[in-house]
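A.B. asks: Following this message is one structure expressed as structure tokens.
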Amino acid sequence: MTIRTRFAPSPTGYLHIGGARTALYSWLFARKHQGRFILRIEDTDLERSTPESVDAILEGMAFLGLDYDEGPFYQTARFDRYREVLSEFIAQGHAYYCTCTKAELEERRAAQIARKEKPRYDRRCRDAGHGPSPQAVVRFKNPLEGTVVVDDAVKGRVVFRNDELDDLVIARGDGTPTYNFTVVVDDMDMGITHVIRGDDHLNNTPRQINMLRALDATPPAYAHIPMILGEDGARLSKRHGAVSVMQYRDEGYLPEALINYLVRLGWAHGDQEIFTRAEMTALFDIKDVHAAAAAINPKKLLWLNQHYIKTLPAADIAKRLAPFLAARGADLTAGPALVEVVTALQERAKTLVEMAEQAHIFYKPETVIDDPKNQAIIASTPRPALAALAEAFATAPAWTREAIHAAVETAATTHGLTFGKLAQPIRIAVTGTAVSPPIDITCALLGRERCVLRLKSAIALAFPETRP
Ligand code: GLU
């Protein structure tokens, strides 16, 4: 049997990390078993679905590298098929027209609550034999007796009593199908063998199984995964920070880190934290997903991101960093090869945003030393030391890290300074900031001409009285 899983988001917002994790688990399960992973866009809620959300989902999947073998299928393109199954259902006596009005239903509901009964549809139209009429809804004839047993791969065995389940509406008064019905038709038509989804859908499962049985289809296996919580244990929401995959991308997180983070939110393999995609595909098993909800851990995500920034090839990071620099207005033709800057910064940045900030100094046409603290550092350095260094820079036999280091060291020793005491004013002079990679690397990257010019103009600015 070929394993077939699907991710079935409703395009009513961004792809958030809960949805992304559901998609990842379905993807991993399919990949592990050489199965098929299908993307289905559940866009039948015309009021809440938007094309922007569809784009955000597709973009998010692409960013995370969750490739699908079939789809995206859009439910809105399948209305004819839903109508067809609906007619079969009615013809075979599995569904019926219900003419109860909203007001009647509400009145009965209030009465049930007053009698302390569980409110639900009283099946009044079940055997009334109504034909179609404007505004009549279609309800599924749920079995009246017996139980539905869900052997959930994550939750274990969950038993539902049929007499606790409603005759649910499967088509609205305007003829449009409802969520539970479209899912059933699609899971059947698409040959889904394993449904992996959020546990907010667990209560829908017995209804869907009953409908699949009425259709003579074999229900798939189910795995309901718990939701993701905020650090405070409350349901994850915007107030916990980034929740959408694209926001993480914009904050400079790498897909490798996000995927690694998401796989560990609710699943573990011993105490291993770092997983390549091949490793997680080989090791992942839906049965090992924790039944208890997991909480986000932004520090761990940052740690993972730093790990991947450090360990991925510099050329690869450079390609991903370039758009962040472009967004800051940096002209990459006006400085050193980006890959060299990345190599200098890989140990120093936790996100691409941070790296772009640190890399930008190498592409600025001019430096402006506007922080008074930095101005003071230069002004308190002996002018002759700085001047000697500018000269040494201009005449160094080669512009290499070693030559730069030697020039700084000589100038420092000659003027009774430590290496660090001279390195810092130089750093400020050549970058305009107090933070950069080691001075020899920084200067090598910037190039001799810039360093000499900037050093000279910083001297002139700090010691105007000695200007010629
Ligand atoms: N469209 C549903 C949702 O976004 C998922 C349905 C399912 O996985 O069965 O919550």
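The values are calculated or read from the model by the stated rules, or taken from the named source; none is laboratory data. Just so we're clear, the structure is a prediction, and the values are computed from it rather than from any experiment. Ideal geometry is used to build each Cβ from the backbone, glycine not excepted, and the neighbour counts take in all protein chains shown.
A.B. asks: In the stretch 134-148, which residues are modelled with pLDDT of 95 or more and either within 22 Å of Arg83 (Cβ to Cβ) or part of a loop (DSSP other than H, G, I, E, B) (or both)? Show your work before the answer.
C.D. replies: Step one: of the stretch 134-148, the residues modelled with pLDDT of 95 or more are 136-148.
Of everything in the stretch 134-148, those that are modelled with pLDDT of 95 or more and either within 22 Å of Arg83 (Cβ to Cβ) or part of a loop (DSSP other than H, G, I, E, B) (or both) turn out to be Ala136, Val137, Val138, Arg139, Phe140, Lys141, Asn142, Pro143, Leu144, Glu145, Gly146.
A.B. asks: Quick one: which of Ser10, Ser26 is within 23 Å of Pro255 (Cα to Cα) and assigned to a helix (DSSP H, G or I)? Don't jump to the end; show me each part of the working.
C.D. replies: Values: Ser10 fails: assigned to a helix (DSSP H, G or I).
None of the others qualify; the one that does is Ser26.
A.B. asks: Return the residue satisfying two criteria in turn: it lies in the stretch 1-19 and is of a type in the set (Ser, Thr, Tyr) and within 17 Å of the chain's Cα centre (by Cα), and of such residues it is nearest to the ligand (Cβ to nearest atom).
C.D. replies: Only one residue tops the list, namely Ser10.
A.B. asks: If Ala398 satisfies all but one of (1) part of a loop (DSSP other than H, G, I, E, B); (2) hydrophobic (A, V, I, L, M, F, W, C); (3) touching a helix residue (DSSP H, G or I) at 6+ places or on another chain (Cβ under 7 Å); (4) over 30 Å from Phe324 (Cα atoms), what's the number of the condition it fails?
C.D. replies: (3)
A.B. asks: Hey, among the residues in the stretch 20-69 that are within 12 Å of the ligand (Cβ to nearest atom), without any contact (Cβ under 8 Å) to a residue 60 or more places away in the chain and under 18 Å from the mean Cα position of the chain (by Cα), which one's surrounded by the most Cβ atoms within 10 Å (Cβ to Cβ)?
C.D. replies: Filtering the stretch 20-69 for residues that are within 12 Å of the ligand (Cβ to nearest atom), without any contact (Cβ under 8 Å) to a residue 60 or more places away in the chain and under 18 Å from the mean Cα position of the chain (by Cα), the one surrounded by the most Cβ atoms within 10 Å (Cβ to Cβ) comes out as Ala23.
A.B. asks: What do you reckon, is Val368 touching a Phe, Trp or Tyr at 6+ places or on another chain (Cβ under 7 Å) and β-branched (Val, Ile, Thr)?
C.D. replies: no
A.B. asks: Quick check on the stretch 182-196. Is at least one of its residues in contact with a His (Cβ under 7 Å, 6 or more places away or on another chain), part of a strand (DSSP E or B) and within 12 Å of the ligand (Cβ to nearest atom)?
C.D. replies: For the stretch 182-196, residues in contact with a His (Cβ under 7 Å, 6 or more places away or on another chain), part of a strand (DSSP E or B) and within 12 Å of the ligand (Cβ to nearest atom): absent.
A quick yes/no check of all residues on (1) farther than 20 Å from Leu446 by Cα; (2) part of a helix (DSSP H, G or I); (3) touching a helix residue (DSSP H, G or I) at 6+ places or on another chain (Cβ under 9 Å):
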{"residue": "Glu273", "(1), (2), (3)": "yes, no, yes"}
{"residue": "Leu301", "(1), (2), (3)": "yes, yes, yes"}
{"residue": "Gln306", "(1), (2), (3)": "yes, yes, yes"}
{"residue": "Ile309", "(1), (2), (3)": "yes, yes, yes"}
{"residue": "Leu321", "(1), (2), (3)": "no, yes, yes"}
{"residue": "Ala330", "(1), (2), (3)": "no, no, yes"}
{"residue": "Glu340", "(1), (2), (3)": "no, yes, yes"}
